[in-house]
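The values are calculated or read from the model by the stated rules, or taken from the named source; none is laboratory data. The model shown is predicted, which means the values in this text are computed figures rather than measured ones. Positions of Cβ are backbone-derived with ideal geometry, glycine not excepted, and every protein chain shown enters the neighbour counts.
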Amino acid sequence: MIGTIRKHSSWLWVIVVVLVISSFVIWSDARQKGTSRGGEDNYGNLYGKPVTRDHYLRALTFVEVSELMQGGRGRFGADKDGQIRQQLLLQAKINELGIQVSDVAVGVYIRETFKDPATGVFNYDSLMKNLQEKARIDEASFLNYSRQQIAIQHLVELMGSAGKLVTPREAEVEFRTQNEQYIASVALFSSSNLMSSVTAKPAELTQFYSNRIVSYRIPERLVLVYVRFDASNHLAESRAQLAADGSFSNRFEQFYTQRGAENFRDDKEIVLSKAAAFSKTREEAVEQGALEFARRLANKFNEDLGQQATVTPSDFAKTAAKSGVAIRSTLPFRAGERIIGLEGVTQLSQRVASLDAETPYTEPLDGNGFIIIPMLQTKLPAETPAFDSVKDRVTRDFKMDRARTVARENGQKFAAGATSALKAGTSFAQFAATQKVILSVIPPFSMAMQSLPGLDSRLNLYSVRNAVMSAKTNEVGTYTETQDGGMVVFLADKRPVTDVEVKAGMTAALEDQRQQKKMSAFQGWFAAEFKNAGLAEKEMTPGMPMDSRQ
């Protein structure tokens, strides 16, 4: 299969495999203890039938990879379980409908999705290297992820096809509505500018703290101890092992001849000389071998821990001393929070979440060029800090709260005054000048716009669009909260779309609206199936599953 989808084959791994057998497996142990939901083999039910361990792990792996592809572990947060349940349903429906994805389709999907948007160049080896080193995604998981994405697209096409029926007339009405131009100006009322004028009396601060004490409460935090096995400590061993392997040069020669010189490139896509290709391949083989040496030591450490009936932090430290490896410790962190110094470790947040007195440590986990074994050292209980320890923060919050209140009062008063002034024949700009309120003129925009060059940096286009939607032409809108206080919008005019603009944009608009209707129909079907399948913990309308590209 790999030959169908790569521009360059993974010749490096074939060369290295004689020396080391390693992988970057995303998921291999069913989360061991704590993975199952409600019991070791209980993964819930789907349409009244038990979800198998294999089905659950397949869904979990897809979610894990998707999470990494979209910016890193923890991105889905509390919604992760919902994502897994959605994926279980998608897999069931894909199987039920017999949707099959060919290797060729996977190849086309990967090339088109991950090619350089500027040059159109696609380099499979470079892609895999980035995925493995930066996102910690192994090749097999990535290929399965891509195949599943295509299958989801097929499912969307099947179940959303009824929603694609949009007439040209309907499309034109929507196009005109979305593209008419709004001409508006905004009066801004900044709360941050008012903070310096707010006084904070001691009694007011203590009362403010008491009323909002929950927001100052420090939640439970965790502290880990861990041992770390660095690949860099074993580079000499790896080079010696490689030097002792007399067949390395022959294997390289064979693959260099088979693949051709053009398939051996540097990070800038420049073809390497044969000597440079050999040197680069050899160095990468050394790095992989060094990581394998580190992994062996980590596995040995893990086996030594496993020989003990129970493992306490003291036992962990003794095993580390026996192995000649230093004990390290993390700063306190909250569940699901980034763990400083260990950001790139595969699956760490998920593994830590399942640690307890019975299972206090995890199996070896891959970092970027190192392996760690973490153990739960302690859980710091939640606490409510004394007022004096957070007084500065309380003072800032109090002043901001009061400043926002003043900004709101000023803005509401201004909106009422501007409305009366317009009725009396005074323009919005003239009234603002008499009140010494500076206006921000908004460049003409439409509801279809996703960005607006020239928009005041203090404004958010989404908020402005919402404000003018409820405003009438030549009328003052109501006071609207913003990140830094609030605003009052004046809608001066709306300019309709010309027939020439409609004619030029209708083809794309019709296709876009059909796609939207298709997705809406699919989501309606999916929401109903999600509920019928018994996966919903409460009535909900799932969004578009994962990140399937259309």
Quiz item: In the stretch 369-403, how many residues are surrounded by 14 or more Cβ atoms within 10 Å (Cβ to Cβ) and closer than 27 Å to Asp230 by Cα?
Solution: 9
Quiz item: Does Leu510 satisfy the criteria of being among the hydrophobic types (A, V, I, L, M, F, W, C) and assigned to a loop (DSSP other than H, G, I, E, B)?
Solution: no
Exercise. Identify the single condition in (1) polar (S, T, N, Q); (2) more than 32 Å from the chain's Cα centre (by Cα); (3) closer than 18 Å to Ser191 by Cβ that Ser470 does not satisfy, given that it satisfies every other one.
Key: (3)
Practice problem: Output the residue which, of all residues in the stretch 427-451 that are in contact with a helix residue (DSSP H, G or I) (Cβ under 8 Å, 6 or more places away or on another chain) and aliphatic (A, V, I, L, M), is surrounded by the fewest Cβ atoms within 10 Å (Cβ to Cβ). | Solution: Ile438
Quiz prompt | Pair list, Cβ < 8 Å and 6+ apart or interchain, from the stretch 43-71 residues that are touching a residue at least 40 places away in the same chain (Cβ under 8 Å) to residues that are among the charged types (D, E, K, R) | solution = Gly44/Arg37; Gly44/Arg85; Val63/Lys80; Glu64/Arg73; Ser66/Asp547; Leu68/Arg136; Met69/Asp547; Gln70/Asp547
Exercise. Could you list, in sequence order, all residues of the stretch 84-99 that are of a type in the set (A, V, I, L, M, F, W, C) and part of a helix (DSSP H, G or I)?
Key: Ile84, Leu88, Leu89, Leu90, Ala92, Ile94
Exercise. Could you tell me whether the stretch 414-426 includes any residue that is out of contact with any Phe, Trp or Tyr (no Cβ under 9 Å at 6 or more places or on another chain), surrounded by 13 or more Cβ atoms within 10 Å (Cβ to Cβ), at pLDDT 95 or above and outside any helix (DSSP H, G or I)?
Key: yes
Quiz prompt | Exclusive hit being surrounded by 13 or more Cβ atoms within 10 Å (Cβ to Cβ) and farther than 30 Å from Ala418 by Cβ, set Val186, Val271, Val198 | solution = Val271
Quiz item: If you go through the stretch 242-250 one residue at a time, do you hit one that is of a type in the set (A, V, I, L, M) and loosely packed, with under 14 Cβ neighbours inside 10 Å?
Solution: yes
Practice problem: Restrict the check to the stretch 351-374 and report whether at least one residue is modelled with pLDDT of 90 or more, more than 27 Å from Arg239 (Cβ to Cβ), in a helix (DSSP H, G or I) and touching a strand residue (DSSP E or B) at 6+ places or on another chain (Cβ under 8 Å). | Solution: no
Practice problem: Would you confirm whether any residue within the stretch 349-360 is in contact (Cβ under 8 Å) with a residue 24 or more places away in the chain and under 16 Å from Phe229 (Cα atoms)? | Solution: no
Quiz item: If you take the residues of the stretch 345-368 that are in contact with a helix residue (DSSP H, G or I) (Cβ under 7 Å, 6 or more places away or on another chain) and not polar (S, T, N, Q), which of them is surrounded by the fewest Cβ atoms within 10 Å (Cβ to Cβ)?
Solution: Glu363
Exercise. Enumerate the pairs (first residue in the stretch 467-492 and in the same structural domain as Asp401 (by TED's automatic domain parsing); second residue anywhere and in a strand (DSSP E or B) and among the charged types (D, E, K, R)) with beta-carbon separation below 7 Å, excluding pairs fewer than 6 apart on the same chain, so at least 6 apart or on different chains.
Key: Thr473/Asp493; Thr473/Lys494; Leu491/Glu475
Self-check item: Selected residue (criterion: modelled with the lowest pLDDT) from residues of the stretch 288-338 that are assigned to a loop (DSSP other than H, G, I, E, B) and within 32 Å of the chain's Cα centre (by Cα)
Solution: Gly336
Practice problem: Output yes when any residue across the stretch 130-137 is in contact (Cβ under 8 Å) with a residue 12 or more places away in the chain, buried (at least 20 other Cβ atoms within 10 Å of the Cβ) and not in a helix (DSSP H, G or I), and no when none is. | Solution: yes
Quiz prompt | Matching helices (runs of 4 or more DSSP H) fully within the stretch 157-223 where at least 3 residues are under 30 Å from Gln516 (Cα atoms) | solution = 168-179
Quiz item: Going by the conditions given, is Ala416 over 30 Å from Ala231 (Cα atoms), free of Cβ contacts under 8 Å to residues at least 12 places away in the same chain and not acidic (Asp, Glu)?
Solution: yes
Practice problem: Kindly list, by first and then second residue, each pair from a residue in the stretch 95-116 that is surrounded by 18 or more Cβ atoms within 10 Å (Cβ to Cβ) to a residue that is part of a loop (DSSP other than H, G, I, E, B), limited to pairs with Cβ atoms under 9 Å and residues at least 6 apart or on different chains. | Solution: Val106/Met1; Gly107/Met1; Gly107/Arg6; Tyr109/Val101; Tyr109/Arg549; Ile110/Arg6; Ile110/Phe122
Quiz item: Which residue out of Gly48, Gly39, Gly107 is on the phi > 0 side of the Ramachandran plot and modelled with pLDDT of 85 or more?
Solution: Gly48
Practice problem: Looking only at the stretch 326-335, decide whether some residue is of a type in the set (A, V, I, L, M, F, W, C), surrounded by fewer than 18 Cβ atoms within 10 Å (Cβ to Cβ), over 30 Å from Glu383 (Cβ atoms) and touching a residue at least 60 places away in the same chain (Cβ under 8 Å). | Solution: yes
Quiz item: Is there any pair with a first residue in the stretch 431-460 that is under 22 Å from Gly485 (Cα atoms) and assigned by TED's automatic domain parsing to the domain that holds Met487 and a second that is assigned to a loop (DSSP other than H, G, I, E, B) and among the β-branched types (Val, Ile, Thr) whose Cβ atoms are under 8 Å apart and which are 6 or more apart or on different chains, and what are they?
Solution: Ala432/Ile438
Exercise. Considering only the stretch 262-273, state which residues are without any contact (Cβ under 8 Å) to a residue 40 or more places away in the chain and farther than 19 Å from Ala285 by Cα.
Key: Glu262, Lys268, Ile270, Val271
Self-check item: Test: residue in the stretch 341-348 that is of a type outside the set (Ser, Thr, Tyr) and closer than 30 Å to Glu262 by Cα
Solution: no
